[in-house]
Each structure stands twice: as structure tokens, then as C-alpha cells.
Amino acid sequence: MRPRQWIKNLIIFAGILFAQDIFDGAKLAVVVAAFAVFCVVSGSIYVINDVLDAKRDAAHPDKSSRPIAAGRLPAGPSVAAAAVLAAISLLAAAPLGGPFFLIVLGYVLLQLAYSTYLKNLIIIDVFVLALGYVLRVVAGALVIRVEMSSWLIVCAILLSLFLALSKRRHELTFLESRARAHRGVLHHYSLDLLDQMISVVTAATVVSYTLYTLAPETVEKFGTRNLVYTVPFVLYGIFRYFYLVHEKSGGGSPEKLVLSDPPLLVDIVLWVLTVGLILYA
């Protein structure tokens with residue numbers, strides 16, 4: 001179930017952070033419950049994905065150690081357990097509201113479609129990966145019934161595309177000649193193409209976030225223009241990630257990269273603290 005990857009689900013807290021309700025105990029409890037639901041449901045999808053990709057993963061230098069790929073965990077019980085976990089997560093999502101339930105259900109269906117078919121379609125595959133992150137952000141806002149800024153949604157889409165494209169680049173460089181055998185869609189990608197697309201979304205992410213901090217509705221909502229001072233943290237974080245992808249062959253696992261690179265982790269913590277200071281103090 002890859003619990004280390006559950007760190008991705010922390011972006012569910014973006015909604016309550018920017019809604020200035022992080023200290024509202026009742027709402028925070030609801031978001032924590034939503035976080036737990038996404039940890040379970042994403043874990044169930046990881047299990048199903050590992051069953052479907054068992055043969056390819058067995059030939060992968062890192063993924064071959066996963067229990068299913070290594071043959072330590074049989075496919076049948078794995079699928080049965082994943083189905084039960086997915087059902088539990090949907091049942092747990094229902095009391096948190098109809099919109100949140102639909103987001104979780106949509107996430108499950110999207111990931112199943114990705115694992116069985118969509119991951120083989122060039123460009124569509126990275127959009128689906130990115131949409132998985134965006135659904136988490138939207139879910140975090142819907143579960144406490146707050147409206148998220150359109151700018152933040154755009155930023156989430158662009159940043160998610162940046163991570164997804166970086167993942168594809170890592171696969172090409174890390175696996176080299178074995179890349180296309182491991183993931184068929186990589187046959188349609190090249191490093192030049194991926195670098196150009198990454199450059200586009202990188203620039204668009206920075207510009208969109210900067211415009212969000214300066215937008216009249218943002219200034220009116222928070223009563224301050226000081227969010228613009230968080231832009232340097234966003235710039236550094238993206239540039240640092242870009243450096244790790246290009247010079248250190250990282251990017252295959254965003255959560256692993258964040259946790260293993262102290263400068264990037266410190267930058268993210270400083271961004272969160274600065275945003276919190278500006279919005280709450």
C-alpha cells in the first residue's frame with residue numbers, strides 16, 4: 001500500500017489552510033478524516049496497480065522488491081484486499097458529504113482507468129497523474145464546504161503536471177534502454193519533448209502563483225498583499241526540484257525526493273510557515 005507515498009495526501013490540507021480555518025477544531029477533524037480516507041483508497045489503488053504491473057515491475061531495478069512483483073504476495077488475495085479497502089474508504093467518505101464522496105469515487109474510477117488503459121496514451125497519461133493530485137486539493141476544500149480560488153486550482157494543475165512530466169523524464173533516464181519495455185507510453189516520449197513541456201509548465205506555475213498572490217480578490221479576501229513574499233519559496237522549490245531531476249536523476253518518486261533532500265524539505269516547511277504567518281498573524 002506504499003504508506004510512504006501517503007505524504008501526497010497532505011495537499012488535502014491546502015483548502016483549510018487558505019480558508020484560514022486551520023485552528024477550527026471541528027473543520028480540522030473533518031479534513032483529517034478526509035486525509036485518512038485518501039490514504040486508504042490510494043493504498044488500495046497501489047495494490048491493484050502492482051498486480052496489473054507485476055511482470056513489468058519484476059524487471060525494474062527498484063520496483064522488483066515490491067511484495068507482489070517479487071512473488072511474496074499472491075495476486076488473488078491482494079486484489080480481494082484492495083477491493084475491501086476501496087469499499088471501506090467509500091463507506092467512510094459518505095458521512096463526510098456527497099461532494100466529497102463523489103470525488104473519492106471519481107478518484108477510484110480514474111485510477112482504475114489509468115491502470116488498465118489511460119497510462120498507455122501519450123500526454124493523456126501525465127494529465128491523469130496530475131488530476132489525481134488536483135482531486136485531492138479539491139476534496140480538501142469540498143469536505144469543509146469552502147470555495148477555492150480558481151487561481152489555486154490552476155496552480156495545482158500546473159504543479160501536478162510538472163511532477164508528472166518529471167516522473168516520466170526520470171523513467172527515461174533511469175531505465176535507459178529498458179524504459180520503453182517497462183512502460184509502453186515511453187516509446188512516444190523523448191527527453192527533448194519532456195524538457196520542453198516541463199519548461200512550459202514551470203514558467204506557467206510561477207506566473208500563475210504570482211498572479212494569484214496579487215489578484216484583487218486574493219488581496220480583498222485576506223486583507224493583505226504580503227502573500228507575494230512567498231513567491232521566492234515557490235521559485236526556489238521548483239528550481240531545486242528541477243535541479244534534482246536533471247542533475248541527480250530524481251523525480252521518479254516526488255515524496256521520496258522531498259523527504260531525502262533537506263534543502264527542498266526546508267523550503268516547503270518555510271513556505272507553509274510563511275503562508276500561515278501572513279494569513280493568520
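The values are calculated or read from the model by the stated rules, or taken from the named source; none is laboratory data. Computed from a prediction, not measured in an experiment: that's the story for all the values here. Glycine gets a Cβ as well: all are built from the backbone with ideal geometry, and neighbour counts include every protein chain shown.
Could you figure out which of (1) loosely packed, with under 14 Cβ neighbours inside 10 Å; (2) assigned to a helix (DSSP H, G or I) isn't true of residue 210?
All conditions are met except number (1).
Could you list, in sequence order, the residues of region 109-118 that are part of a helix (DSSP H, G or I) and surrounded by fewer than 15 Cβ atoms within 10 Å (Cβ to Cβ)?
Selection gives 109, 113, 116.
Provide a single number: the residues in region 12-30 that are assigned to a loop (DSSP other than H, G, I, E, B), aromatic (Phe, Trp, Tyr) and closer than 13 Å to residue 147 by Cβ.
0
Regarding residue 96, is this residue surrounded by 12 or more Cβ atoms within 10 Å (Cβ to Cβ), of a type outside the set (Gly, Ala, Ser) and closer than 26 Å to residue 135 by Cα? Can you show your working first?
Values: surrounded by 12 or more Cβ atoms within 10 Å (Cβ to Cβ): yes; of a type outside the set (Gly, Ala, Ser): yes; closer than 26 Å to residue 135 by Cα: yes.
So residue 96 fits the description; yes.
Look through 106, 132 and report the one residue that is among the small types (Gly, Ala, Ser), modelled with pLDDT of 95 or more and either in contact with a Gly (Cβ under 7 Å, 6 or more places away or on another chain) or not in a loop (DSSP other than H, G, I, E, B) (or both).
On the way: 132 fails: modelled with pLDDT of 95 or more.
Only one candidate qualifies: 106.
Of the residues that make up region 76-93, is at least one farther than 14 Å from residue 45 by Cα and in a loop (DSSP other than H, G, I, E, B)?
No, every residue in region 76-93 fails to be farther than 14 Å from residue 45 by Cα and in a loop (DSSP other than H, G, I, E, B).
Among (1) aliphatic (A, V, I, L, M); (2) in contact (Cβ under 8 Å) with a residue 60 or more places away in the chain; (3) out of contact with any Leu (no Cβ under 8 Å at 6 or more places or on another chain), there is one condition residue 219 misses while meeting the rest; what is its number?
So the condition that residue 219 fails would be (2).
Restricting to region 132-148, what's the tally of residues that are under 16 Å from residue 166 (Cβ atoms) and of a type outside the set (Phe, Trp, Tyr)?
Of the residues in region 132-148, 1 are under 16 Å from residue 166 (Cβ atoms) and of a type outside the set (Phe, Trp, Tyr).
When only residues in region 213-270 that are surrounded by fewer than 16 Cβ atoms within 10 Å (Cβ to Cβ) and of a type in the set (Ser, Thr, Tyr) count, which is farthest from the chain's Cα centre (by Cα)?
Filtering first and then ranking leaves 224.
Restricting to region 119-151, and then to whatever is closer than 18 Å to residue 32 by Cα and β-branched (Val, Ile, Thr), can you tell me which residue is surrounded by the fewest Cβ atoms within 10 Å (Cβ to Cβ)?
Checking each candidate, the answer is 146.
Going through 191, 273 one at a time, which residue ends up being over 30 Å from residue 55 (Cβ atoms) and exposed (fewer than 15 other Cβ atoms within 10 Å of the Cβ)?
273
What are the residues in region 175-193 that are part of a helix (DSSP H, G or I) and modelled with pLDDT of 70 or more, if any?
Correct list: 175, 176, 184, 185, 186, 187, 188, 191, 192, 193.
Return yes when residue 50 is acidic (Asp, Glu), surrounded by 20 or more Cβ atoms within 10 Å (Cβ to Cβ) and either at positive phi or touching a residue at least 12 places away in the same chain (Cβ under 8 Å) (or both) and no when it is not.
yes
Here is a list: 255, 171. Which entry is within 27 Å of residue 150 (Cα to Cα), touching a residue at least 60 places away in the same chain (Cβ under 8 Å) and of a type in the set (Asp, Glu)?
None of the other options fit; the residue is 255.
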